[in-house]
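Below: one structure, written as structure tokens.
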Amino acid sequence: MNIHEYQAKQIFAKYGVPTPKGIMAESVEQAVTNAKELGGPIWVVKAQIHAGGRGLGGGVKLAKSIDEVRTLSEEILGMTLVTHQTGPEGKLVQKLYIEDGADIKDELYLGVVLDRAREMPVIMASTEGGMAIEDVAHDTPEKIIKVAVDPAIGFQGFHGRELVFGLGITDKVEQGKFIKLAAALYKLYLENDAEMIEINPLIKTGEGDFIALDGKMGFDDSALGRHPDIEAMRDISEEDADEREASEYGLSYVSLDGEIGCMVNGAGLAMGTMDTINYMGGTPANFLDVGGSANAQTVAKGFEIILKNPNVKAIFVNIFGGIVRCDRIANGILEATKLVDVHVPVIVRLDGTNAPEAAEILKKANIANVIAATDLADGAAKAVAAAKQAK
Ligand code: GDP
Ligand code: MN
């Protein structure tokens with residue numbers, strides 16, 4: 001799960017990482033009130049979306065007067081911001097952050113991520129802050145200093161020295177401040193089960209202070225149960241609506257751009273089904289794993305979500321009954337035809353636990369759109385043929 005910049009900065013403040021003073025706003029009037037409260041004389045108006053690269057897209061602007069805060073807020077709030085991280089469709093800006101303008105002498109980069117190959121969190125730092133770190137990594141990888149910290153020993157003095165020497169920070173006081181900051185960031189990372197933390201830019205002021213001008217944080221979804229304070233920061237309006245709805249019903253769903261809707265149990269079978277559809281000359285419209293606890297309601301919900309996609313020309317239900325019983329899935333299909341308008345052919349392959357009962361249920365119901373398949377290959381071929389016919 002990701003959080004907004006202003007929320008990341010609230011967490012930074014708790015760990016003693018300095019940030020500029022700022023106040024979140026959801027309207028232009030609020031933005032103006034916030035700016036007056038902060039006092040100026042320079043403010044930054046920042047779009048709050050779960051994506052970086054906002055500056056280049058026009059989502060971060062400097063204001064030199066209250067009037068300018070108003071005009072810039074009007075411009076940014078409600079805009080569809082396109083950055084290299086949003087995809088071409090962009091993201092609607094629904095929140096702003098109004099901040100004290102900072103005095104920038106140097107822009108650095110500081111982050112913590114999990115290095116899966118080393119099996120350790122790695123602190124990354126660079127003198128090339130302010131720009132996309134992906135570009136720095138690509139063009140001048142030697143300008144990124146990476147220090148792996150073994151959680152068994154924790155952040156030690158030598159890690160800090162490696163960072164400041166690598167960055168060329170020579171002033172003793174500045175070295176101390178930077179090391180303290182890196183240690184705090186590492187602590188934050190571990191204590192909150194973060195997946196990544198990024199400060200870009202981390203600025204150095206004329207007085208030699210380090211301030212986090214930007215903040216990005218992502219957390220391990222599986223660990224959110226231990227962090228209710230972070231879970232409370234979830235902004236569902238930033239997440240894919242269909243994927244969110246699916247997860248509320250215990251379905252794991254990923255939308256894709258093909259034309260055959262898939263409803264499968266188990267991630268492995270789901271992948272195999274998608275591959276087989278491709279092999280037969282079709283393209284899957286989604287990945288949907290109904291899981292082991294599927295019942296009539298969740299199956300009906302799955303149909304509803306799949307059918308929201310106008311590209312879907314056929315649905316392939318491929319269930320291998322084990323924990324999930326085929327008769328439940330069959331009832332789910334019946335339920336779905338009552339609850340939602342199933343206007344495309346549904347190819348059904350149910351095998352395993354209670355498969356004969358399921359076949360009986362579907363046969364009795366005699367639904368026009370439902371086509372029975374004998375196995376995976378037969379089902380995929382029938383789904384591809386049905387989708388082709390629909391065009
Ligand atoms: P991002 O583009 O999404 O990473 O958003 P940032 O928060 O990093 O802002 C983009 C850029 O705006 C930064 O790299 C800075 O150069 C600039 N910026 C942000 N805040 C300030 C500020 O307080 N003063 C000045 N002068 N520039 C700022
Ligand atoms: Mn940034």
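The values are calculated or read from the model by the stated rules, or taken from the named source; none is laboratory data. Predicted, not measured: the structure shown is a model, and the values here were computed from it. Because the Cβ atoms are built from the backbone with ideal geometry, glycine has one as well, and the counts that use them run over all protein chains shown.
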Notebook entry, point to check: In region 210-246, what residues are touching a Leu at 6+ places or on another chain (Cβ under 9 Å) and assigned to a helix (DSSP H, G or I)?
Noted result: Ile230, Glu231, Ser237, Glu245, Ala246
Notebook entry, point to check: Among the residues of region 50-66 satisfying the criterion of being touching a Lys or Arg at 6+ places or on another chain (Cβ under 8 Å) and closer than 22 Å to Asp235 by Cα, which is nearest to ligand 2 (Cβ to nearest atom)?
Noted result: Gly52
Checklist line | Complete set of residues in region 230-273 that are of a type in the set (Asp, Glu) and either under 14 Å from the mean Cα position of the chain (by Cα) or surrounded by fewer than 19 Cβ atoms within 10 Å (Cβ to Cβ) (or both) | finding: Glu231, Asp235, Glu238, Glu239, Asp240, Asp242, Glu243, Glu245, Glu248, Asp257
Check: So, in region 85-108, of the ones that are within 10 Å of ligand 1 (Cβ to nearest atom) and not charged (D, E, K, R), which residue ends up nearest to Leu56 (Cα to Cα)?
Finding: Gln85
Margin query: Could you list, ordered by first residue, the pairs with Cβ atoms under 6 Å in which the first is in region 103-115 and touching a residue at least 60 places away in the same chain (Cβ under 8 Å) and the second is assigned to a loop (DSSP other than H, G, I, E, B) and surrounded by 20 or more Cβ atoms within 10 Å (Cβ to Cβ), at least 6 apart or interchain?
Written below: Glu107/Gly129; Leu108/Gly129; Tyr109/Gly129
Check: Quick one: how many residues across region 12-65 are among the basic types (Lys, Arg), touching a helix residue (DSSP H, G or I) at 6+ places or on another chain (Cβ under 7 Å) and more than 10 Å from ligand 1 (Cβ to nearest atom)?
Finding: 2
Next item on the list: Report yes if some residue within region 14-31 is in a helix (DSSP H, G or I), more than 16 Å from ligand 2 (Cβ to nearest atom) and assigned by TED's automatic domain parsing to the domain that holds Ala132; otherwise report no.
Entry: yes
Note to self: Can you go through Asp209, Asp135, Asp150 and tell me which one is within 29 Å of Leu62 (Cβ to Cβ) and exposed (fewer than 14 other Cβ atoms within 10 Å of the Cβ)?
What the structure shows: Asp135
Checklist line | Filtered residues of region 19-35 (kept if without any contact (Cβ under 8 Å) to a residue 60 or more places away in the chain and among the acidic types (Asp, Glu)) | finding: Glu29
